[in-house]
Amino acid sequence: MTPEARLAALEGAWHLRRRIVEAAGGTTRVAGVARWTPGADGFDCVETGTMTRPDGSRFEATRRTLWTVAPDGIAVQFGDGRPFHRITGGDRPTAAHDCPPDDYRLTYDFTRWPDWSVRWRVRGPRKDYGAVTTYRRA
């Protein structure tokens, strides 16, 4: 699938489930919806859901990213426009976000399209966790 086609196919609402596992113990979960809507230069993605911390406390969580076609794939930016990472070719592309002193490594999995996922591995002096987010068309 071309980057243009993949990005266009994301339009609409997706159920999301995220599991964040801290290396020191404890699992945080998020359940909600991600919506990709066309914007001026690509697609806005807004994720909203309920986050449940290891102690059982719950609160509403929101995250916004911007997705655009780039020469080498799809560029993902933070909601304020700062670069986040790029998704390049294939059904299992990897990506990285260098945010010293932390290191973010991502692996996307589009092999079960339209269901898909992204795995994160984050390491740094104050961060050490893995996360998996799954998306299913709403």
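The values are calculated or read from the model by the stated rules, or taken from the named source; none is laboratory data. Remember, predicted model here, so these are calculated numbers, not experimental data. Note that we place each Cβ from the backbone using ideal geometry, even for glycine, and neighbour counts take in every protein chain shown. The accessibility values were calculated without ligands, DNA or RNA, using every heavy atom of the protein model including side chains. Shrake-Rupley method; radii C 1.70, N 1.55, O 1.52, S 1.80 Å.
Any idea which of Ala40, Ala24 is loosely packed, with under 14 Cβ neighbours inside 10 Å, aliphatic (A, V, I, L, M), within 21 Å of Arg121 (Cα to Cα) and modelled with pLDDT under 95?
Ala24
Just one of Thr111, Thr50, Thr88, Thr65 is among the β-branched types (Val, Ile, Thr) and either buried (at least 17 other Cβ atoms within 10 Å of the Cβ) or closer than 15 Å to Leu10 by Cβ (or both); which is it?
Checking each option against the conditions leaves just Thr65.
Sort through Arg121, Arg136 and tell me the only one that's under 16 Å from Gly12 (Cα atoms) and either free of Cβ contacts under 8 Å to residues at least 40 places away in the same chain or more than 12 Å from the chain's Cα centre (by Cα) (or both).
Arg136
Here is a list: Thr107, Thr133. Which entry is closer than 20 Å to Met51 by Cβ and not in a loop (DSSP other than H, G, I, E, B)?
So the residue among Thr107, Thr133 that is closer than 20 Å to Met51 by Cβ and not in a loop (DSSP other than H, G, I, E, B) is Thr133.
Would a scan of the range 23-42 turn up a residue that is of a type outside the set (Val, Ile, Thr), within 15 Å of Arg119 (Cα to Cα), in contact with a Lys or Arg (Cβ under 8 Å, 6 or more places away or on another chain) and in contact (Cβ under 8 Å) with a residue 12 or more places away in the chain?
yes
So which of Ala31, Ala75 ends up being surrounded by fewer than 16 Cβ atoms within 10 Å (Cβ to Cβ), assigned to a strand (DSSP E or B) and at pLDDT 95 or above?
Exactly one residue qualifies, and that residue is Ala31.
Can you list residue pairs whose Cβ atoms sit under 7 Å apart, with the first residue in the range 66-80 being touching a residue at least 60 places away in the same chain (Cβ under 8 Å) and the second being open to solvent by 50 Å² or more (accessible area, probe 1.4 Å) and assigned to a loop (DSSP other than H, G, I, E, B)? Count only pairs 6 or more apart in sequence or on different chains.
Thr68/Asp41; Gly73/Thr88; Gly73/Gly89
Given the conditions (1) among the hydrophobic types (A, V, I, L, M, F, W, C); (2) touching a Lys or Arg at 6+ places or on another chain (Cβ under 8 Å); (3) free of Cβ contacts under 8 Å to residues at least 24 places away in the same chain, which single one is not true for Trp116?
Only one criterion is unmet by Trp116, namely (2).
Inside the range 2-28, can you point out the residues that are more than 24 Å from Tyr104 (Cβ to Cβ) and not in a strand (DSSP E or B)?
Thr2, Glu4, Ala5, Ala8, Ala9, Glu11 - these are the residues of the range 2-28 that are more than 24 Å from Tyr104 (Cβ to Cβ) and not in a strand (DSSP E or B).
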